[in-house]
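The values are calculated or read from the model by the stated rules, or taken from the named source; none is laboratory data. Quick caveat: nothing in here was measured; it's all calculated off a predicted structure. Every residue, glycine as well, gets a Cβ built from its backbone with ideal geometry; the counts of neighbours run over all protein chains shown.
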């Protein structure tokens, strides 16, 4: 028994961080859904970026039950945007203006989040555009195949955690 005690303690040490990490809720097309302690989200990387995604660009839809946030859209841009430059989101033929700062962009309010999410559900492709600090066009494009299912999985994942 004494010989197995160090092994058991070591197992507990490595198991604790794993329990605190994100849990996969599934991969749906080009989107994944994940749950963490206080939030759930659907996420995807761009299929095309201005230049090879140097900043780890992504699009996400998040739920934070403890904060009352449901279906919040967030984009990490592939390049830091130029101050004062607009950030436009195009989903097929619809265009939305996003709020943004640095390398991040988001819907201006919860109503816009819901409208964007509804368009994502029906859409095929979306593109986020702005100008970089150097004035170059930044265009990150995402395929929407699987976005609706991943968003549903994230929403259900957080509903089960309440």
Requested in this report: Mind counting the residues in the stretch 112-121 that are surrounded by 15 or more Cβ atoms within 10 Å (Cβ to Cβ) and either modelled with pLDDT under 95 or touching a helix residue (DSSP H, G or I) at 6+ places or on another chain (Cβ under 8 Å) (or both)?
Outcome: 2
Query raised in the report: Quick check, is residue 100 in contact with a strand residue (DSSP E or B) (Cβ under 8 Å, 6 or more places away or on another chain), modelled with pLDDT under 95 and farther than 18 Å from residue 47 by Cβ?
Result: yes
**Report entry** Test result for residue 149, surrounded by fewer than 19 Cβ atoms within 10 Å (Cβ to Cβ), in contact with a strand residue (DSSP E or B) (Cβ under 7 Å, 6 or more places away or on another chain), at pLDDT 95 or above and under 18 Å from residue 28 (Cβ atoms)
**Finding:** yes
Report task. Please find, within the stretch 100-111, the residue that is surrounded by the fewest Cβ atoms within 10 Å (Cβ to Cβ) out of those that are under 16 Å from the mean Cα position of the chain (by Cα) and assigned to a strand (DSSP E or B). Result -> 104
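Within the stretch 82-95, can one find any residue that is outside any loop (DSSP other than H, G, I, E, B) and under 13 Å from the mean Cα position of the chain (by Cα)?
No, the stretch 82-95 contains no residue that is outside any loop (DSSP other than H, G, I, E, B) and under 13 Å from the mean Cα position of the chain (by Cα).
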Query raised in the report: Of (1) buried (at least 17 other Cβ atoms within 10 Å of the Cβ); (2) over 17 Å from residue 35 (Cβ atoms), residue 86 satisfies all except one. Which?
Result: (1)
Requested in this report: Would you please list the contacts, defined by Cβ atoms under 6 Å and residues six or more apart or on different chains, that run from a residue in the stretch 101-116 that is free of Cβ contacts under 8 Å to residues at least 40 places away in the same chain and at positive phi to a residue that is in a loop (DSSP other than H, G, I, E, B) and surrounded by 13 or more Cβ atoms within 10 Å (Cβ to Cβ)?
Outcome: 102/80
Query raised in the report: Out of all the residues in the stretch 122-140, is one or more surrounded by 13 or more Cβ atoms within 10 Å (Cβ to Cβ) and assigned to a helix (DSSP H, G or I)?
Result: no
Report task. Could you tell me which residue of the stretch 61-78 is surrounded by the most Cβ atoms within 10 Å (Cβ to Cβ), considering only residues that are on the phi < 0 side of the Ramachandran plot and either at pLDDT 95 or above or under 11 Å from the mean Cα position of the chain (by Cα) (or both)? Result -> 61
Query raised in the report: From the set of residues in the stretch 38-60 that are under 16 Å from residue 90 (Cα atoms) and modelled with pLDDT under 60, which is nearest to the chain's Cα centre (by Cα)?
Result: 49
